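Trainee: Please see the structure below; I have some questions.
Read-outs: derived from the displayed coordinates by stated rules, not from any lab. This one's a predicted model, so the numbers in the text were calculated from it and none came from an experiment. Neighbour counts run over all protein chains shown; Cβ positions are idealised from the backbone, glycine included.
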Ligand SMILES: NC(=O)c1ccc[n+]([C@@H]2O[C@H](COP(=O)([O-])OP(=O)(O)OC[C@H]3O[C@@H](n4cnc5c(N)ncnc54)[C@H](OP(=O)(O)O)[C@@H]3O)[C@@H](O)[C@H]2O)c1
């Protein structure tokens, strides 16, 4: 495993990380299976595990808390994150980024995850119904009160990130150190054109989600949709990714992967890790074999193939 500083902070995150969305407590409920995947991830050097209050409505935080407890991982070996924004119930205040919801929600996440603090706490989206000042002050207080060590944003616009950072700096508050955007070979324009120009100069590191385009880039959908796979469960996601254009690109990437002697999953993850500003790729895995495959991406060198890959992706 390789580790990178998260942006300009001193926090080191594994370049490959593991997230719980859709999978743990959702499509994978067998705790023994989740434990095996997490054990493999830890053995391969993964230290960063991403989560959110919204994943399986708290179920993902709960099961991951139990799994880490059962395995007995020392807390300081882990970089644990969670997020707040999406509605947690029908209650009008149980959503968004008001000071009330942020401070109440973080305590519920800590309880579910059986930990005294998070390493990273994310604003899962921007909240247009709460003033930016209130949001930054609330997250700054989460950090100052010791409930989290750092905070970040997810899927915020460049302007929102820049304004939050500037407000924190101007007012002696804790500024965000990370942004969590979607980024992969098949979804790149927003990060490259909009987000990076704002995050890089401010020392804000990217930890990116769906780096395998939810499995599309692994090649598992070359011959149709396998039973039990994510696209078999999520029709809209399948429709979004299974376009003719994407199919051609993923097929063309096979010969590059074969030349390098790696799987397409490893190629896709290694490609994201070559891009500027990226500290970690947050992968998902429903099977031990998947995490085993993905872990190897940390050591893949693509310098000689970069131009060939770029030609395929921009064709
Ligand atoms: N901030 C946000 O708004 C946001 C949004 C989405 C995700 N996230 C974070 O990002 C994490 C990763 O997202 P993601 O799960 O979409 O990432 P992904 O790595 O692009 O896709 C993961 C899925 O692809 C399949 N897969 C993974 N490795 C494979 C391999 N080697 N061979 C074949 N299939 C493989 C598995 O699906 P199947 O086995 O089910 O087919 C797996 O669940 C989430 O858990 C979450 O922490 C954040």
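Trainee: Just for the chain, what percent of DSSP beta bridges are antiparallel, to the closest 5?
Mentor: Here the antiparallel bridges make up roughly 15 percent for the chain.
Trainee: Rounded to the nearest 5, what % of the DSSP beta bridges within region 123-253 are antiparallel ones?
Mentor: Roughly 10 percent of the beta bridges in region 123-253 run antiparallel, per DSSP.
Trainee: In what order do 48, 68 fall by count of nearby beta-carbon atoms within 10 Å, going from fewest to most?
Mentor: 68, 48
Trainee: Further question on the same structure: Taking 0.36 nm per residue of separation and subtracting the Cα-Cα distance, what length does fully extending residue 299 through residue 170 add?
Mentor: Difference between extended and current length: 42.4 nm.
Trainee: Something else: Based on C-alpha coordinates, I'd like the Rg and Dmax of region 108-156, in Å.
Mentor: Cα only, region 108-156: 11.2, 31 Å (Rg, Dmax).
Trainee: For helix 264-274, report the angle its Cα long axis makes with the longest principal axis of the Cα atoms of the chain; keep it between 0 and 90° and round to the nearest 10°.
Mentor: 50
Trainee: With a Förster radius of 35 Å, plug the Cβ-Cβ distance of residue 86 and residue 259 into 1/(1 + (r/R0)^6) and report the FRET value to the nearest 0.05.
Mentor: The computed FRET efficiency comes out at 0.25.
Trainee: Calculated from DSSP H runs of 4 or more alone, at -39500 (n - 2.57) each and per residue, what is the 222 nm mean residue ellipticity of the chain, nearest 500?
Mentor: Theoretical 222 nm ellipticity from helices: -12000 deg cm²/dmol.
Trainee: Ranked highest first by average number of other Cβ atoms within 10 Å, how do 280-292, 183-195 line up?
Mentor: Packing proxy ranking, top to bottom: 280-292, 183-195.
Trainee: For residue 29 and residue 313, calculate 0.36 nm times their separation in residues minus their Cα-Cα distance, and state this gained length in nm to one decimal.
Mentor: 98.7 nm
Trainee: Restricting to Cα atoms and excluding each atom paired with itself, what does the Kirkwood estimate give for region 162-286 in Å?
Mentor: 16.0
Trainee: Let me ask you something else. Suppose each label sits 7 Å from its Cα in the direction of the beta carbon; what would the residue 248-residue 129 distance come out to in nanometres?
Mentor: 4.4
Trainee: In bins 10 Å wide, starting from 0, what share of all Cα pairs of region 30-163 does each bin hold, as a percent?
Mentor: Going out from 0 Å in 10 Å bins, region 30-163 shows 12, 44, 30, 13, 1 percent.
Trainee: Another question about this same structure. Full-extension gain between residue 111 and residue 57, please, as 0.36 nm times their residue separation minus the C-alpha to C-alpha distance.
Mentor: 18.1 nm
Trainee: If you don't mind, another one. Could you list the square roots of 5 times each eigenvalue of the Cα gyration tensor of region 96-238, that is, the equivalent ellipsoid semi-axes, sorted largest first and rounded to whole Å?
Mentor: Listed largest to smallest, the semi-axes of region 96-238 are 31, 20, 13 Å.
Trainee: In angstroms, what radius of gyration and Dmax does the chain have, counting Cα atoms only?
Mentor: 18.9, 55
Trainee: Here's another thing I want to ask about it. What is the fewest-to-most order of 101, 77, 248 by other Cβ atoms lying within 10 Å of their Cβ?
Mentor: Fewest to most other Cβ atoms nearby, the residues stand as 77, 248, 101.
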